[in-house]
Amino acid sequence: MLLDTRGLSVHFSSDSGPVHVISNLSFGIDPGEVFCIVGESGCGKSMTAYSIMGLLPENARSAGEILFKGSDLLTLDDESYRNLRGKEISMIFQEPMTSLNPVLKVGYQIGEVLMTHYGTSKKEAISKAVELMNTVRIPSAEIRANEYPHQMSGGMRQRIMIAMAIACKPSLLIADEPTTALDVTIQSEILKLIRGLKDENNMSVLFITHDLGIVSEIADRVGVMYAGRIVETAPTSEILKEPKHPYTMGLLNSLPAERGRPLIPIRGNVPRPDDLPSGCKFSDRCDHVIESCRAEEPVLKETLPGHFTRCIRAGEDLWRS
Amino acid sequence: MAFIEAKDLTKHFRIKQGIGGKTAILKAVDEVSFEVGKDSVFSIVGESGCGKSTLARMLIRLLDPSGGKVMFEGNDIFQLSGNDLKEFRRSVQIIFQDPYASLNPRMRVYTTLSEPLKIHGMVSKDKLRDKVAELLHSVGLTPDMMNKYPHEFSGGQRQRICIARSLSLSPKLIIADEPLSALDVSIQAQIINLLQDLRKRFGLSFIFISHDLNVVHYFSDTVAVMYLGRIVELADADKLFDRPLHPYTELLLKAAPKVNVQKDVRVPSGTVSETDVPSPIDMPSGCSFHPRCPKRFDRCDNTEPALIKVDGRQVRCLLYESNKQG
């Protein structure tokens, strides 16, 4: 296993006590695997990514273990983390404009990664940057390397971010909603690009999204997050065909399918992290809730080989009923 | 007679390129024509920058066009004044994308919802509270929420308040400009159901603007696909999604991510195209889609295709010129 997160918890301190945004999160990613974390806003999916990257805000406190190639990232000092970031693990973000430096040419920005990690000379780094821009299919790369981010479209900027992220051939790429700000046609190009790069370099990808359509197209395995917890995790085709957790079912039922058939939305609203129900955190919105759901929080149990569900009714056939 | 009709509707913006640079013309909307019948949902789809929001703003007279006109119930809306204009403002309402930005943060929900009623003198003063309560009820909120401020609500609830406001004057047509994009998946479904329900209950017509093709297919009767300010295909929703004619429509449909329960239909890591949407200031010659078109041929880069009727729909592509119908 390349990345093994064990019992990760993250909380922020506030005036009214600690606010838990991630609770006892465990998942692993194998080499060359695309693992998708899917969930709605505020479920803790971005915080998971920041925890792995060591980019949590100052006032956040984390516990548990994040084992990367066997060593715990949470115990690393700043210096070792800096050597790791961008080299072994790199990340691309939702908004490519705010993650690029507006006053530096894109070719230099890509090359900078190589200068920092390998001490490559500036000239060589920039020619390497042009190669990388070719890899991410940016036309006339040599000329565009001299452009500034504002001269490029959103899709091209995201390609620059990807070029930067893969410059050192990392073993793990974290992509936090990388296509949310892009149009569908550009989105499909970026997804194809990420999959292609993954295959060529045997890279693992942690892909964060709220869109089940994207999950269906890119993921090998999926973890569904709700209120800071993984509620269900399984291979992609299985979770989409045979969801076991009512929240996953709710997400699938919310998607428009057949015309004229009314959608079945999940009732209520996403709860705030400081105002979660007792017992199962989804109990107040769940259509299959029973008395014992509110008594104690269910654990993540293996219901089928490789298929884990955090629901006391996971053994029943709720999806078809 | 069509309920609302756009005739050669055009909006050009003059923009300066850089400091002291040359002035260029941005053709945001270029000679767009369509008709919407009563009691139907007309959707406009396209990528960002294709002019769909500019079009929406002209349809409700928030923007003046550079050319063409909009006929609503037989009258040109840009010629209206006085009471006729007030009547038009009452009949056509708009819902915006961002429910955070479209509610006044300092107004209680009651004030937000009662203001249009007062301005249009729809309800006598002593009945205002009842009417606001009724509006909240019709969008699935409770009357006690009228004394709260917008920040006390979630995104989905705020969008319900915006919908309630658009309903307050009993309009005939609602223009919804990406009403779901700012909402979570589970909340989107609630809002779609609400819009469907209101449509049936009040016999409303909708002009629905979205980039989410799955939602558009689910919700609309007719769909117009826009590319760089022009309609490239206009057809019945089922026909369009069943068999798109224009190569751009085809590209859009193929690109839209769909949940597929059949295993292993993941994106092939195949060829990645190198082209992006061209800038609307520097439009390609001939057919504006030709640089990205997989089906382009010789004449595409120098001949501008007209919008022609094929198979009961309209399409702007040279491929179909030979099977043109009258």
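Quick notes on this one:
- Other protein chain Cβ atoms within 10 Å, averaged over every residue that makes up A:262-272: 5
- Using bins of 20 Å that start at zero, the share of Cα-Cα pairs per bin across the protein assembly as shown amounts to 17, 48, 32, 3, in whole %.
- Here the range B:86-191 was treated as a single set of alpha-carbon atoms; its pair distances binned every 5 Å from 0 give 2, 13, 25, 25, 21, 10, 3, 1 percent.
- Ratio Rg/Rh, restricted to chain A and using Cα atoms, in which Rh is the Kirkwood radius: 0.99
- Relative contact order of chain B, defined on C-alpha pairs under 8 angstrom at six or more residues apart (%): 19
- Separation in nanometres of the label points that stand 7 Å from Cα toward Cβ, at residue B:120 and residue B:19: 4.8
- Over the range A:242-321, accessible surface divided per residue gives 54 Å², non-protein components excluded, 1.4 Å probe.
- In summary, the aspartates and glutamates within cross-link reach of residue B:239, defined as a Cα separation below 18 angstrom excluding same-chain residues under 8 places away, comprise A:258, B:35, B:212, B:221, B:250, B:311.
- Check: the protein assembly as shown dipole with +1 on Lys, Arg Cβ and -1 on Asp, Glu Cβ, in debye: 1360
- Surface per residue (accessible, 1.4 Å probe) for the range B:1-101, Å²: 49
- Here the dipole of chain B is about 680 debye; that uses its Cα centre as origin and unit charges on the Cβ of Lys and Arg (positive) and Asp and Glu (negative).
- On full extension, the segment bounded by residue B:279 and residue B:83 gains 66.4 nm, given 0.36 nm per residue less the C-alpha separation.
- Surface/4 of the Cα convex hull for chain B, nm²: 20.7
- Total charge dipole magnitude, the range A:242-321, about the Cα centre, Cβ charges on Lys, Arg, Asp, Glu only, Debye to nearest 20: 260
- Distance between the 7 Å Cα→Cβ label points at residue B:308 and residue A:299: 7.0 nm.
- Only lysine pairs 8 or more places apart or on separate chains count here, and in the range A:121-276 those with Cα atoms under 29 Å apart total 11.
- The spacing between the range A:69-134 and the range A:269-287, judged by their C-alpha centroids, is 39 Å.
- The listed residues A:93, A:35, B:202 rank as B:202, A:93, A:35 when sorted by accessible area, largest first, using a 1.4 Å probe.
- Expressed to the nearest 5 percent, the antiparallel share of DSSP beta bridges inside chain A is 60 percent.
- Global dimensions of the range A:1-71 from alpha-carbon coordinates: Rg and Dmax equal 12.7, 43 Å.
- Under the Karplus curve 6.51 cos²θ - 1.76 cosθ + 1.60, θ = phi - 60°, whole-Hz ³J(HN,Hα) for the range B:88-96, x wherever Gly or Pro sits: 5, 4, 6, 7, 10, 10, 10, 10, 9
- Counting all C-alpha pairs of the range A:122-173, share separated by more than 16 Å (%): 36
- Stretch gain in nm, segment residue A:290-residue A:67, where the contour uses 0.36 nm per residue and the Cα spacing is subtracted: 76.6 nm
- Furthest towards positive pole of dipole, B:60, B:116, B:251, structure part chain B, Cβ charges: B:116
- When only alpha carbons are used to place a centre, the range B:105-183 and the range A:1-44 end up 38 Å from one another.
- Nearest 10 degrees, 0 to 90: helix B:128-138 Cα axis against chain B principal axis: 40
- Fluctuation leader among B:114, B:43, B:279 - chain B, Gaussian network, Cα springs under 10 angstrom: B:279
- With all protein chains modelled, accessible area of residue A:10 [1.4 Å, Å²]: 0
- When the surface is traced with a 1.4 Å probe over the full set of protein chains, residue A:62 keeps roughly 60 Å² accessible.
- Gaussian network model of chain A, Cα within-10 Å springs - most flexible of A:267, A:61, A:259: A:259
- Choice from B:127, B:52, B:86 showing the highest fluctuation, given a GNM over chain B with Cα pairs closer than 10 Å: B:127
- Carbon and sulfur %, accessible surface of the range A:3-219 computed with the full protein complex present, 1.4 Å: 48
- Fraction of beta bridges assigned by DSSP in the protein assembly as shown that are antiparallel (%, nearest 5): 60
- Between the listed residues B:102, B:159, A:22, the Cα displaced farthest toward the positive end of the dipole of the protein assembly as shown, a dipole computed from Cβ unit charges relative to the Cα centre, is found at B:102.
- Neighbouring partner chain Cβ atoms per residue of A:252-259, average, 10 Å criterion: 6
- Residue B:227 contributes an accessible area of around 0 Å² to the protein surface, as traced by a 1.4 Å probe with all chains present.
- Couplings 3J(HN,Hα) of the range B:290-301, computed from phi: 4, x, 9, 7, x, 10, 5, 9, 3, 7, 4, 7 Hz, in residue order, whole Hz [Karplus 6.51 cos²θ - 1.76 cosθ + 1.60, θ = phi - 60°; x for Gly and Pro].
- Label-point separation in nm, residue A:259 to residue A:108, each point 7 Å along Cα→Cβ: 5.5
- The range A:242-321, accessible surface, carbon-and-sulfur percent (1.4 angstrom probe): 51
- FRET efficiency for residue A:115 and residue A:267, using Cβ-Cβ distance with R0 set to 56 Å, rounded to 0.05: 0.55
- The residue among A:46, A:91, A:57 whose Cα reaches farthest toward the positive pole of the charge dipole of the range A:3-219, with charges on the beta-carbon of Lys, Arg, Asp and Glu, is A:91.
- Accessible area, probe 1.4 Å, largest first, for residues B:251, B:240, A:252: B:251, A:252, B:240
- Within straight-line cross-link reach of residue B:22, lysines at Cα separation under 24 Å, skipping those fewer than 8 residues along the same chain: B:11
- Diffusion constant of the range A:242-321 at 10 °C, which comes from Stokes-Einstein with the Kirkwood Cα-pair radius and 1.306 mPa s, µm²/s: 116
- Probing with 1.4 Å while keeping every protein chain in the model, the per residue accessible area of the range A:63-130 equals 53 Å².
- Rounded to the nearest 100, the interface formed by chains A and B buries 4100 square angstrom of accessible surface, both chains summed, with a 1.4 Å probe.
- Here residue B:200 is the anchor, and the lysines within straight C-alpha reach of less than 19 Å, apart from those fewer than 8 places off in the same chain, are B:38, B:172.
- For residue A:101 and residue B:151, a Förster radius of 25 Å and the Cβ-Cβ distance give a FRET efficiency of 0.15, rounded to the nearest 0.05.
The values are calculated or read from the model by the stated rules, or taken from the named source; none is laboratory data. Fair warning: this is a prediction, and the values are worked out from it, not measured in the lab. In this analysis, Cβ positions are derived from the backbone assuming ideal geometry, glycine residues included, and neighbour counts consider all displayed protein chains. All accessible areas refer to the heavy atoms of the entire protein, side chains included, with ligands and DNA or RNA removed. Shrake-Rupley method; radii C 1.70, N 1.55, O 1.52, S 1.80 Å.
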